[in-house]
Every structure is written in structure tokens, then in C-alpha cells.
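**Student:** Dropping the structure in here first, questions after.
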Amino acid sequence: MLVTLQDESKRLLSNTSWLMATEIVAKISRVLVILALAANLGVVEYGTVMLALACHEIFKLILRSGAGAQIIQCTEQQLSSYAKNGALLQWLVCILLAGAQAGLASPIADFYETPSLIPLISLMAVVYLFYPLVSIKVFLIQRQGNMRYYSMRNALCIVTENISIAIFALLDCGIMSVVYGKWIFAILWISLFYFAPVQHFGVGFQWKTFLKLTKTSGRLLSTELVRALRMQSDTLIGASLLNPELFGLYSFAKSAGVGLSLSINNAFNTALYPYLCHKHRCDQLNKHIPMVYLITCAVGTLFLIQALLVPFYVPLLFNQVWQQNHIIVMLLCVSALPALLIDTQCNILRAKAHYQKELYVRLFCLIISVVGLLAVQATTPTNFALTILACSSVWLMTLIPWHKFEHIFTSLLFSRSNS
């Protein structure tokens, strides 16, 4: 049993290592983007680009509400029908998503009184129409736990996107540089995953299976929308509370700090979810949960190390205009640690198909963030970052096993009534 546990732990660590290594390589290329944009855009333009990307990321995370989580989690007997019907569902989700993002570009720009957001948000929506061509194959690769294959190609796409954005910025393409980079990413993504070594199931339609996938996707849609809003709530609220120049400075601090932490978080949880689903199918998940949280804490130490290194790498890489933000970057790095623990908790719930409980956890975190930011009404980037850190610390309340306290309280109440 101990040998099996060690082997499984090594497998999870191996997959996580592959994903994290490629994410780090991709993040190094992201530094080129930050440098190029900071050098060729003004503070206000930089804030506009980050706001557009935040809106795009909110819509993009909705893709996780499709058939992917269910295909990774389902049994071998369900796999064929789930993959066929899931392919149809992915097409419908991506078409609707592209239309929704393009259609909401103008209202979003009107709300923030920033007309330049319209072409950025609407043109980035085009990339959704590429994803259904290979999305099922990507889910099957993740189901197999073949993270080496996935991570190397994913990293190549991200690096190519980042380098292309930097080149377009240096060629004075301005804020449109990010749009061109997204298009290049989508084209390369299709090219690299189209011939993936997984079984091809095609597209099919079975009413009962499709309805089941759609119902579950509806629950996951709510969860992913809440998650996306929580991740971008600081950007969306900060754009209205801070003046354009201060928001630009905060956006830089977030991209210079949380960007790396977010990449590590995504890499770890991408490797973790298929592992948890496999353990759940083998009815062994519960006994592996303590080990999973132990590994999560080990990964979280990287965030603390990054926070300690901020005073050294920010002055080294960026000019005087941006260097004043190192305290903000440090605070945001530390605030990413609770998010890692919450994502691990939600992955465990999702692997068990406890979608409603996952939604409650995500909703609690969103409400705490929004209420905290609106209540404090911070007008400086530093106070804004302190508020985010305080809110993220409150999220950890969801990790407390309240049901055990409820049982103890009920037992005490019952014993008193008997006496």
C-alpha cells in the first residue's frame, strides 16, 4: 500500500513538474510582453489592455463549463457517448460564447467609458471558434494523465503568443498587439493538437446523454462564471474605483506578480484534477486528500519565495515609472496562496461530482471579495492590494470542516436535553 501511494504521489508530482516547468518557460516569455507593452504603451493604454484581457479571461473560463470536466471524470463505459455528445456541446458553447463576447463589447466599453475596448474584446472573441476542432482530444489527453505531451505543446503556444505580442508592440501596433497574439495562439493550438495520439470518437447526438451533459454543464457554467468573476473582480472594480493612471499602475503590479503565481496555480490544478478523478473512479480519493493538501502547501511556498524576490527583480527589469509598485506586487503574491488552496478544495469536490458544493465555495469567495472591495473603497493601489489580501484570507474559512462542529454541537445539545 505504501509503495502504491508513493508511486501515485510520484505520478502527480511528475505531471505537476512538467506543467510547472513549461509554465515557467511560458512566464519568462510573458516578461517580454510586459517589458514591450510597458515600453511602448502609456500607463492608461496599459490599463486598457489589461482590462480587455480581464474581460476576455472571464468569458474564456466559461469554456471550462462544457463537457471537459465530465469527459475527464466519467467511467470507461460512459467515455464513448460522452466524447461524441461532448463534441457537439463544445461547438454550441463556443459559438454562443463568441457571440456573447462580441455582443457585450460595446456595453462593457460604455460602462468603463473606454471606447478602445470595443475592438479588443470583440476581435479576441474570434479565437473561440477554433477550439472545438481539438477540444475533445485535449480533454482525452488530460484524462490519460499525459501531461508531458499536453504541457510541451501548450507552453509552445503560450510562448509563441507572448513573443508575437512583444514583436507587434515593438512594431507600434499598439493595443491591437494582444489581439494579433491571441489569433496566432489559436492557429498554433489547432495545428499542434489536431493529430494528438488519442482515440477519435467523432460527433454524435444521443438525447439522454446530451441532456445529462448539458444539465451538468449548466451547473458548471454558474461555477466557472463565479470563479471568473472572483479572479477578475479586483480588475473590474479597480477600473471604476481608481483613476486611469493608478489603475494602470495596479494592472502592471498584478501582471508582474500574480501572473507567475496564477501560472503555477493553473499548472498544478491542471495536473491535479485528472489525478483526483482517477482516484475517485478507483474509490481511493478520500485517503489521498491529506497528501494532496500537503503537496498543495509545498507548491504554495513558491508564492512566498516569489514575494521575497520582488524587491530584487522588479527594479532590475522595469524603469522608474513602474518600480514604485514592488510592495503591491508582494502583497498580491501572498494573496495568491489562499486561492491555490481553494482551487484544490474545489477540484476535490468536482472530482466527486459535488458540483453544487463547489458552487457554494466559489460563491462565498466572490461575495467576500466584492463586498470587501466595495466596502473599503480603496483609492490607492497599495490599499487596494491590502484589501485583496484580507479578503483572500477570509476565503480559508471554507476549508474548515463545519459539519464536524455541527455534529459536536448537536451531540452536546442532545446530551443537555437528556440531562
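No value in this document is a laboratory result; all are computed from the given coordinates. Note that this is a predicted model, so its numbers are computed, not measured. Every residue, glycine among them, receives a Cβ derived from its backbone with ideal geometry; neighbour counts consider all protein chains shown.
**Student:** Run the numbers for Leu294 and Ala21: contour at 0.36 nm per residue of separation, minus the present Cα-Cα distance, in nm.
**Tutor:** 96.3 nm
**Student:** Arrange the following residues from fewest to most other Cβ atoms within 10 Å of their Cβ: Val43, Val203, Val310, Val178. List each step's numbers first, then the result.
**Tutor:** Working: Val43 18, Val203 15, Val310 21, Val178 24.
Ascending Cβ contact count within 10 Å gives the list Val203, Val43, Val310, Val178.
**Student:** Continuing with this model, one more query. Picking from Phe139, Ala38, Ala353, whose Cα lies most toward the positive end of the charge dipole for the chain (charges on Cβ: Lys, Arg +1; Asp, Glu -1)?
**Tutor:** The listed residue farthest towards the positive side: Ala353.
**Student:** Here is a follow-up. Using the Cβ atoms and a cut-off under 13 Å, what net charge is assigned to the surroundings of Val127, where Lys and Arg are +1 and Asp and Glu are -1? If you can, show how the numbers build up before the last one.
**Tutor:** Details: positive: Lys60, Lys182; negative: Glu57, Glu161.
Once all neighbours under 13 Å are counted, the net charge is 0.
**Student:** Using the Cα centre of the chain as the reference point, and only Cβ charges (+1 on K/R, -1 on D/E), how large is the resulting charge dipole? Debye, rounded to the nearest 20. The partial results should precede the final answer.
**Tutor:** Working: 28 positive and 17 negative charges, 303 e Å.
Once rounded to the nearest 20, the dipole reads 1460 debye.
**Student:** Would you mind computing, in nm to one decimal, how far apart the modelled labels at Thr382 and Leu104 are, each placed 7 Å from Cα along Cα→Cβ?
**Tutor:** Going from the Thr382 label point to the Leu104 one covers 3.5 nm.
**Student:** Go ahead and estimate [θ] at 222 nm for the chain from helices alone: -39,500 (n - 2.57) per DSSP H run with n ≥ 4, summed, over the residue count, rounded to 500. Show your work: numbers first, answer last.
**Tutor:** Values: 16 runs with 349 residues, N = 419.
After summing the helix terms and dividing by the residues of the chain, the value is -29000 deg cm²/dmol.
**Student:** Further question on the same structure: Semi-axes of the equivalent ellipsoid of segment 204-246: what are they in whole Å, largest first, if each equals the square root of 5 times a C-alpha gyration tensor eigenvalue? Can you show the working numbers first?
**Tutor:** Working: eigenvalues 293, 14, 5 Å².
The three semi-axes for segment 204-246 are 38, 8, 5 Å.
**Student:** Could you tell me which of rounded, prolate or oblate describes segment 46-174, using a ≥ b ≥ c as the square roots of the eigenvalues of the alpha-carbon gyration tensor, with rounded for a/c under 1.5 and, failing that, prolate when a/b is larger than b/c and oblate otherwise?
**Tutor:** Details: a/c = 3.05, a/b = 1.62, b/c = 1.88.
In terms of gyration-tensor shape, oblate.
**Student:** Determine the relative contact order of segment 2-418: mean sequence separation of Cα pairs under 8 Å and six or more apart, normalised by residue count, in whole percent. Intermediate values should be presented prior to the final figure.
**Tutor:** Numbers: 528 pairs, mean separation 94.4, N = 417.
23 percent.
**Student:** Along the positive direction of the dipole of the chain (beta-carbon charges: Lys, Arg +1; Asp, Glu -1; about the Cα centre), which of Leu309, Leu373, Tyr149 reaches farthest?
**Tutor:** The residue sitting farthest along the positive end of the dipole is Tyr149.
**Student:** Can you sort Asp234, Asp172 by how many other beta carbons sit within 10 Å, fewest first?
**Tutor:** Starting with the residue having the fewest Cβ neighbours, the order is Asp172, Asp234.
**Student:** Net charge near Gln90, counting Lys/Arg +1 and Asp/Glu -1 over other residues with Cβ under 13 Å of its Cβ? Show your work: numbers first, answer last.
**Tutor:** Details: positive: Arg64, Lys84, Lys137; negative: none.
That sum, taken over residues with Cβ under 13 Å, equals +3.
**Student:** Continuing with the same structure: Using Cβ counts within 10 Å as a stand-in for footprinting exposure, how do Cys333, Cys297, Cys282 rank, fewest first?
**Tutor:** Numbers: Cys333 26, Cys297 13, Cys282 10.
By the 10 Å Cβ count, ascending, the order reads Cys282, Cys297, Cys333.
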